[in-house]
Each structure stands twice: as C-alpha cells, then as structure tokens.
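The values are calculated or read from the model by the stated rules, or taken from the named source; none is laboratory data. Here the structure is a predicted model, which means the values were calculated and not measured. Cβ placement follows ideal geometry from the backbone for every residue including glycine, while neighbour counts extend to all protein chains displayed. Note: accessible area is taken over every heavy atom of the protein model, side chains too, but ligands, DNA and RNA are not part of it. Shrake-Rupley method; radii C 1.70, N 1.55, O 1.52, S 1.80 Å.
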Amino acid sequence: GGKLQRSPFLRPRFPPEAMRAKLALVVALAALGLAMGPSFALAQEDGVEDYGDDVAGDEDVDDDYDGDGDYDGYDDEDDEDYGGGAPPNEVKELTSVAELDEFLDNEDASVIGFFAEEGETLDQFKDTAQSLQYEFRFAYTTSAEVLAKYPKYKAAVVVFKSPRFVSDKYDKPKARFPGKDMTNTQALKIFASAKSLPLVGQYSFTTKERYTDRGLPIVKVFFDVDYELNPKGSNYYVNRVRKVAADLGDKLSFTIAAIADFSYETADYGLELEQGKRQVGVGIEDGDKRFGMVGEEFSVATLKAFCEKFLAGELKPTKVVDPADAVPPPPEEEDGDVDESAVAVADPSNMATLVDGTKDAMVEFYAPWCGHCKMLKPEYAKLGKAFEDDDDVVIAKFDADAHTPPSGYEVQGYPTIFWVPKGGKPEPYSGPREADAMVAWIKEHKSA
C-alpha cells in the first residue's frame, strides 16, 4: 500500500448522546438495587464520569499515564490468558505497586479491589470476581504500599482502562464502582463493561461482547496488532483511528482487531487480508450486516469518509451474515484426545431423565465455538471421570448454542454451570473451574 497520511488531531466533541449514555448507565445501576453513597449522587448531578473518583484537575488523575496514547515497550506475555480459547483469569493478589503496574500493563482493562484489611467485604469481592473470571481481569490488594499510592481507596473497586489505549484527551483512565454491595455480580458486570472501553480499544474475544452490548455499530480496523514486537506501529494506527473516533465516537464504537485473531471474518467485509503482509482493512459491523471499505487505502481521511457514508445510509452491506457464520471456526488442532466419556450429553429430549431430582447434578451449558468452553473441556472431562463410578452424582453438558436451555436455567454467556442438588432447583455455580477444585466442591456440597 501507499504511505499513510498524517493529519492533526480533530477537536473532540462530547455531544448530548454521550451524556444520555451515562444517564442510561446510572439508571441501569440504580435498577439493580445498588446502595449509592453521597459521592455517587454528587457525581451524577455534576456529570462526572468517575462517580466520586479522580476528576480532571486532581493531582493524581493521570500520574500513571503519559497522556499521549503512545504506550511503548509493553510486552504481551500475559496475552495468552485472554481472548478466545483462554483459561479463566486468576483473581490475583497484588502485594506491591510494581505488581499493580505489571498487572495493569495488558491489552484489556483491569478490575482492582482495594481493601484496608482482610474481612467479609474482601471475601465477597473475591467470590464475585471468581464468578466473572471469564469476562474480566480481576485483582485485589491490601498492601499498605499500594493503598498509600491510592489513598482514596480503602474499600473500593476500581475499573482501570488498558493504559495502552488511554488518551488524556478523550479517556478517563479509571472509574470507581459506586456500589457498596460486593455480592451484586450483575451490577459490577454492567459497570465494568461500560467503564472498561476506551475511545479506541482492541476488539478481542474477551471484549467483543462488551462492544456488542454498547448497542452501537462497531468499526473494526484490521491489521497486524503486535504490542510485543512493534508497539509503535500498533500505536500509529490506534492514533489514526482515534482522530476519527474523536468526532464520531458517540455514534460508532471504534476498535482495532488483529488479523491473526479474526481472519475468519474479514471476508464478510469483502476484505482480502493476510497476516504478516502489512495490510490494513476496515469494516463496520451493524447487527447482522457487514460493511467493508473495499478499494480504498487506509488513512484518516478515507476512514472518516467511510464512516460518514455509513451513518448517512449511503452504503450497501457487503454481506448479511447468519449468526451461525459469525463465530470462529474450530482450531486446526482439535482436542480429540480429551476423553469425555464420563460426561453425559444432555439435550431437550433427555434432560429431564438425566437430571430427574434423584441425584445431584452439575450441568455445563456451552457453545462448541466458545474459546473459554474449549479451555474448560479437559478440566470438565476430568471432573466427569472423578464421579464416573458415583451413582449419586451426574456430570453433564448441554449445547446451548444448538438447543434452548430448559426452564429454570438462565444462560447469558458461555460456559455457564449449574449445580442441581438432589430434589432441589438449579443454582448457578460460581466456584473454581479447575478439576481438582470442582471435585472438592462437589464432595462438600453433595447430598448425604
């Protein structure tokens, strides 16, 4: 391709739509029954995004960031822990400022619990974090050193956006959860989802649901994202995209996406992209419709023009996709060596027979294409083997992508696991997802 044009930053605008989105978040949180403190009420009235957190002008707002969005030198050694096919995120304890900084240094946002002491509130936070371990990166600290750096946080949960994508011009680097109830999993999930996304972020298997939940069309700029070997090159494109997002970010979500991760969907946008070819492609996802910027060389000007044509309704979809086609294909190396013979396969025709109330049962609701489900698969198979000879315990799995889950099982994501005690009703299981720990949990909770 030709040389990309460099243009001065466009002036940011924060239109009424952005304020309405904030108000919608406030309403959603309030509807979930949060106990709001005075600082939240004041923040809501003043339109402060951080709800009692640092605001522009406070001396410690931006001391963790250089403000230009050019975060060089980050490595991706932990990237394998996130995204499609990744294992659950450990709820990590941070014992120093150095450990905190290292944890924050990631492509995804971080949710940190700050606590002055051990106790019930911290235990509740750990339980909630465990239940959301597939969706966010969680950590906690009781370190005097860390609390000294953040003196406002004595018993607080704070969402930090990824420093790789934060820009002082457009982003608040962190936001404090306004709730007092650490057991309100859904409220924390909604808040973290809303506050984890910068003006321009990385579209990944971990973040895609958050972008979809925003309800805005998603602009994806595909290229060889590499913060390990080429951070400056990656930031170059992020900064170009940010110039357009500054004007249109209230109408569209702007992201970058690695060709290596999403090569299976680039054809939907009419794009022919290959990893390692230094190519850049642009697409817009709007529900089941895909729009591709075909035949145009990427630049700030062409990206802006493409987005404006989309918003004006002047573009025809490149493709209207079937939901079944909008998922990644199975990996080339299938895990055929996983012995699942001890895991019962449930479906609408036999669910009532397998889980009939005469035994304890654990049921995983999964999707074959789900990366997290694939990572759970060997652990869940081991769990099945552990109870293979126990006539009082059933370990089952249910393909919730192919079949509608039965009444009583509320499945909002994959994988979702339910514990069904003998003669009882389904209960969401939010414990650990390693085989040994799950075995111990069932032995503790199984009927006598």
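Looking at the range 358-379, I want the residues that are among the charged types (D, E, K, R) and have a partner that is assigned to a helix (DSSP H, G or I) with Cβ atoms under 8 Å, at least 6 apart or on another chain. Which pairs are those?
So the pair list comes out as 360/442; 360/445; 364/373; 364/376; 364/380; 379/435; 379/438.
From (1) under 30 Å from residue 262 (Cα atoms); (2) crowded, with 18+ Cβ neighbours inside 10 Å, pick out the condition that doesn't hold for residue 182.
It is condition (1) that residue 182 fails.
Which pairs do you get when a residue that is within 25 Å of residue 162 (Cβ to Cβ), found in the range 174-185, comes within reach of a residue that is open to solvent by 10 Å² or more (accessible area, probe 1.4 Å) and among the polar types (S, T, N, Q), reach meaning Cβ atoms under 9 angstrom, with the pair 6+ apart or on two chains?
Pairs found: 176/39; 178/39; 178/44; 182/121; 182/124; 185/131; 185/430.
Give the residue, chosen from 314, 296, 274, that is without any contact (Cβ under 8 Å) to a residue 40 or more places away in the chain, touching a Ser or Thr at 6+ places or on another chain (Cβ under 7 Å), acidic (Asp, Glu) and open to solvent by 20 Å² or more (accessible area, probe 1.4 Å). So that I can check it myself, show each step before the final result.
Details: 314 fails: touching a Ser or Thr at 6+ places or on another chain (Cβ under 7 Å); 274 fails: touching a Ser or Thr at 6+ places or on another chain (Cβ under 7 Å).
After ruling out the rest, the residue left standing is 296.
Checking the structure you have, find out if any residue of the range 377-387 is touching a strand residue (DSSP E or B) at 6+ places or on another chain (Cβ under 9 Å), part of a strand (DSSP E or B) and not charged (D, E, K, R).
No: zero hits.
Output the residues belonging to the range 186-233 that are more than 27 Å from residue 269 (Cα to Cα) and free of Cβ contacts under 8 Å to residues at least 12 places away in the same chain.
If the condition is that a residue be more than 27 Å from residue 269 (Cα to Cα) and free of Cβ contacts under 8 Å to residues at least 12 places away in the same chain, then 229 is the only one that fits.
Before we move on, is residue 225 surrounded by 21 or more Cβ atoms within 10 Å (Cβ to Cβ), closer than 15 Å to residue 281 by Cα and in contact with a strand residue (DSSP E or B) (Cβ under 9 Å, 6 or more places away or on another chain)? Break it down stepwise before answering.
Values: surrounded by 21 or more Cβ atoms within 10 Å (Cβ to Cβ): yes; closer than 15 Å to residue 281 by Cα: yes; in contact with a strand residue (DSSP E or B) (Cβ under 9 Å, 6 or more places away or on another chain): yes.
So residue 225 passes the test.
Of all residues in the range 134-152, which are farther than 17 Å from residue 177 by Cα, open to solvent by 10 Å² or more (accessible area, probe 1.4 Å) and of a type outside the set (Phe, Trp, Tyr)?
From the range 134-152, those farther than 17 Å from residue 177 by Cα are 134, 142-146, 148-149; that's our starting set.
Right, trim to open to solvent by 10 Å² or more (accessible area, probe 1.4 Å) and you get 134, 142-145, 148-149.
Matches in the range 134-152: 142, 143, 144, 145, 148, 149.
Please verify whether residue 396 is modelled with pLDDT under 90 and either more than 20 Å from residue 127 (Cβ to Cβ) or part of a helix (DSSP H, G or I) (or both), treating the condition exactly as stated.
Numbers: modelled with pLDDT under 90: no; either more than 20 Å from residue 127 (Cβ to Cβ) or part of a helix (DSSP H, G or I) (or both): yes.
It is false that residue 396 is modelled with pLDDT under 90 and either more than 20 Å from residue 127 (Cβ to Cβ) or part of a helix (DSSP H, G or I) (or both).
Could you tell me whether residue 67 is open to solvent by less than 20 Å² (accessible area, probe 1.4 Å), among the small types (Gly, Ala, Ser) and modelled with pLDDT under 95? Step through it out loud before you land on a result.
Working: open to solvent by less than 20 Å² (accessible area, probe 1.4 Å): yes; among the small types (Gly, Ala, Ser): yes; modelled with pLDDT under 95: yes.
Criteria met by residue 67.
Tell me, yes or no, whether the range 385-396 has at least one residue that is crowded, with 18+ Cβ neighbours inside 10 Å and basic (Lys, Arg). Walk me through it before giving the result.
Taking the range 385-396 and keeping what is crowded, with 18+ Cβ neighbours inside 10 Å, we get 386-387, 393-396.
After this cut, where a residue has to be basic (Lys, Arg) as well, the list is none.
Within the range 385-396, not a single residue is crowded, with 18+ Cβ neighbours inside 10 Å and basic (Lys, Arg).
Output the residues belonging to the range 343-370 that are modelled with pLDDT of 95 or more and in contact with a Gly (Cβ under 7 Å, 6 or more places away or on another chain).
Matches in the range 343-370: 343 only.
Identify, by number, the condition in (1) touching a helix residue (DSSP H, G or I) at 6+ places or on another chain (Cβ under 8 Å); (2) open to solvent by less than 50 Å² (accessible area, probe 1.4 Å); (3) at pLDDT below 95; (4) of a type in the set (S, T, N, Q) that residue 279 doesn't meet.
(2)
Restricting the range 405-437 to residues that are part of a loop (DSSP other than H, G, I, E, B) and charged (D, E, K, R), which is least open to solvent (accessible area, probe 1.4 Å)?
Step one: of the range 405-437, the residues part of a loop (DSSP other than H, G, I, E, B) are 405-415, 421-426, 429-434.
Still in the running and charged (D, E, K, R): 410, 422, 425, 433-434.
Details: 410: 129, 422: 112, 425: 164, 433: 20, 434: 85 Å².
Filtering the range 405-437 for residues that are part of a loop (DSSP other than H, G, I, E, B) and charged (D, E, K, R), the one least open to solvent (accessible area, probe 1.4 Å) comes out as 433.
Answer yes or no: is there a residue in the range 115-124 that is of a type in the set (Val, Ile, Thr), crowded, with 21+ Cβ neighbours inside 10 Å and either at pLDDT 85 or above or not in a strand (DSSP E or B) (or both). If you could, list the steps in order and put the result at the bottom.
Of the range 115-124, the ones of a type in the set (Val, Ile, Thr) are 121.
Those still in the list that are crowded, with 21+ Cβ neighbours inside 10 Å too: none.
No, the range 115-124 has no match at all.
With respect to residue 165, is the statement that it is touching a Ser or Thr at 6+ places or on another chain (Cβ under 6 Å) and either in contact (Cβ under 8 Å) with a residue 12 or more places away in the chain or open to solvent by less than 10 Å² (accessible area, probe 1.4 Å) (or both) true? Even if it seems obvious, please write down each step before you answer.
Details: touching a Ser or Thr at 6+ places or on another chain (Cβ under 6 Å): no; either in contact (Cβ under 8 Å) with a residue 12 or more places away in the chain or open to solvent by less than 10 Å² (accessible area, probe 1.4 Å) (or both): yes.
The answer is no for residue 165.
If I ask for residues that are at pLDDT 90 or above and not in a loop (DSSP other than H, G, I, E, B), which ones from the range 131-154 would you list?
The answer is 137, 138, 139, 140, 141, 144, 145, 146, 147, 148, 149.
Please state which one of 402, 440 is of a type in the set (A, V, I, L, M, F, W, C) and outside any loop (DSSP other than H, G, I, E, B).
Details: 402 fails: outside any loop (DSSP other than H, G, I, E, B).
Only one candidate passes the filter, namely 440.
Pairs please, first residue from the range 234-263 and more than 14 Å from residue 275 (Cα to Cα) and open to solvent by less than 10 Å² (accessible area, probe 1.4 Å), second anywhere and among the basic types (Lys, Arg) and modelled with pLDDT under 95, Cβ atoms under 6 Å, 6+ apart in sequence or on different chains.
Within 6 Å, the pairs are 253/214.
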